[in-house]
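Here's the structure, in structure tokens; my notes come after.
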Amino acid sequence: MSRFGTQVTVLEMLPRIVPVEDEEVSKELARVFKKQGIRIETGAKVDPASVKKVEGGVILKAVLSNGKEEEFCAEKLLVAVGRSPNTDKIGLENTKVELDRGFIKVNEVQQTAEPGVYAIGDVVAGTPQLAHVASMQGMVAVAQIAGKPAKPVNRNRIPGATYTEPGIGSVGLTEAQAKAEGYEVKVGKFPFMANSKASILGSHDGFVKVVADAKYGEILGVHIIGPQAYELISEAVTAMEAEATVETMMSTIHAHPTIYEAVGEAFNAVYGLAINA
Ligand SMILES: Cc1cc2nc3c(=O)[nH]c(=O)nc-3n(C[C@H](O)[C@H](O)[C@H](O)COP(=O)(O)OP(=O)(O)OC[C@H]3O[C@@H](n4cnc5c(N)ncnc54)[C@H](O)[C@@H]3O)c2cc1C
């Protein structure tokens, strides 16, 4: 909407936008959004009772991170605060199915505690609410029901795609999560500023960040913000699924000039060996 010329204000209660992403990704997106003229207020708490329809739009009040209350007037208000499960009064109380705040608990092959009852998708407790997660969980459940090999969904290998501009693609642990899990972390980062195809596209914002385990070179997470980041992340997802190491990815040949060269460079950057940095 901002690019169409609309003045946009984002009110986010958490300390940063895209809070599930790596902290540096949030920072970069906020930087680019601000450059595009979008006003971003993080740590801002909207008072739901203050939201009122007025002629020509809507008004609301929010307490900003500096503690001051401000009134906002807008033509349109877009609320994007998440979804909740609809598992009340559908008869689950007559089964052994267990719930966690309304979400259905399942084991690694999507079985609930009630024999013969499976759950997949947004309604499942503990997995991100994404279409590709629902789809893979469905395949796991069906394979299990049919008595075929059913490979459980690995929470750490689910790609996340955010269709902003620049886009975001990520998989696995953020740097902070990896450190919190006790890994000795090594990070490789490569900016699109130094990528030739990004120059051709005129799209220099963002970077590729690889979070790796220092001891064995295990790839713990990859975080991309930049041109077509949600497409580029596929290489990292495949690498992690195949249990490739940073070293494998360093010697993987990336065509030139492509934006995915930046992914190869970021893997090399883990050991300070990026060529164009
Ligand atoms: C605005 C928006 C944008 C999104 N964008 C993306 C995206 O870009 N990429 C992505 O991966 N995911 C995206 N998602 C998430 C994605 O849509 C969901 O993860 C996916 O649809 C989950 O599939 P599901 O089958 O679990 O649930 P749903 O698709 O919600 O299907 C559940 C169905 O059950 C029906 N139902 C509910 N209660 C009952 C009942 N009591 N009896 C019978 N039927 C019932 C509902 O009507 C619905 O049709 C988006 C979601 C939203 C809301």
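The values are calculated or read from the model by the stated rules, or taken from the named source; none is laboratory data. Keep in mind it's a predicted model, so treat the numbers as computed, not measured. Glycine gets a Cβ as well: all are built from the backbone with ideal geometry, and neighbour counts include every protein chain shown. These accessible areas exclude ligands, DNA and RNA; they are computed on the full protein's heavy atoms, side chains included. Shrake-Rupley method; radii C 1.70, N 1.55, O 1.52, S 1.80 Å.
Here the strands (runs of 3 or more DSSP E) wholly within the range 144-254 that include at least 2 residues being among the basic types (Lys, Arg) and open to solvent by 10 Å² or more (accessible area, probe 1.4 Å) are 185-191. Restricting the first residue to the range 1-26 and requiring it to be in contact (Cβ under 8 Å) with a residue 60 or more places away in the chain and not assigned by TED's automatic domain parsing to the domain that holds PHE207, which pairs with a second residue that is assigned to a helix (DSSP H, G or I) and open to solvent by 80 Å² or more (accessible area, probe 1.4 Å) meet a Cβ separation below 9 Å and a spacing of at least six or different chains? Qualifying pairs under 9 Å: ASP22/GLN177. The set of residues from the range 109-120 being small (Gly, Ala, Ser) and either more than 11 Å from the ligand (Cβ to nearest atom) or open to solvent by 60 Å² or more (accessible area, probe 1.4 Å) (or both) comprises ALA113, GLY116. Assess whether VAL46 counts as being over 27 Å from the mean Cα position of the chain (by Cα) and touching a residue at least 12 places away in the same chain (Cβ under 8 Å). Considered against the rule, which asks whether it is over 27 Å from the mean Cα position of the chain (by Cα) and touching a residue at least 12 places away in the same chain (Cβ under 8 Å), VAL46 comes out as no.
Pairs meeting the criteria (first residue in the range 103-119 and at positive phi, second residue open to solvent by 50 Å² or more (accessible area, probe 1.4 Å) and among the hydroxyl-bearing types (Ser, Thr, Tyr), beta carbons under 9 Å, at least 6 apart or on different chains) are GLN110/TYR118. Residues in the range 111-131 that are within 17 Å of ARG157 (Cα to Cα) and polar (S, T, N, Q): THR127, GLN129.
Per-residue answers, yes or no, for (1) within 10 Å of the ligand (Cβ to nearest atom); (2) in contact with a Lys or Arg (Cβ under 7 Å, 6 or more places away or on another chain); (3) over 30 Å from ALA161 (Cβ atoms):
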| position | (1), (2), (3) |
| --- | --- |
| LYS61 | no, no, yes |
| ASN66 | no, no, yes |
| LEU77 | no, no, no |
| ASN86 | yes, no, no |
| ASN107 | no, no, no |
| ASP122 | yes, yes, no |
| GLN129 | yes, yes, no |
| GLY138 | yes, no, no |
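Which of the residues belonging to the range 49-68 are out of contact with any Ser or Thr (no Cβ under 7 Å at 6 or more places or on another chain), touching a residue at least 12 places away in the same chain (Cβ under 8 Å) and closer than 19 Å to ARG16 by Cα? The answer is ALA62, VAL63, LEU64.
In the set VAL32, VAL54, only one residue is open to solvent by less than 80 Å² (accessible area, probe 1.4 Å), under 21 Å from GLY169 (Cα atoms) and at pLDDT 95 or above; that residue is VAL32. Among the conditions (1) more than 16 Å from the ligand (Cβ to nearest atom); (2) acidic (Asp, Glu); (3) under 30 Å from ARG3 (Cα atoms), GLU165 misses just one, which is (1).
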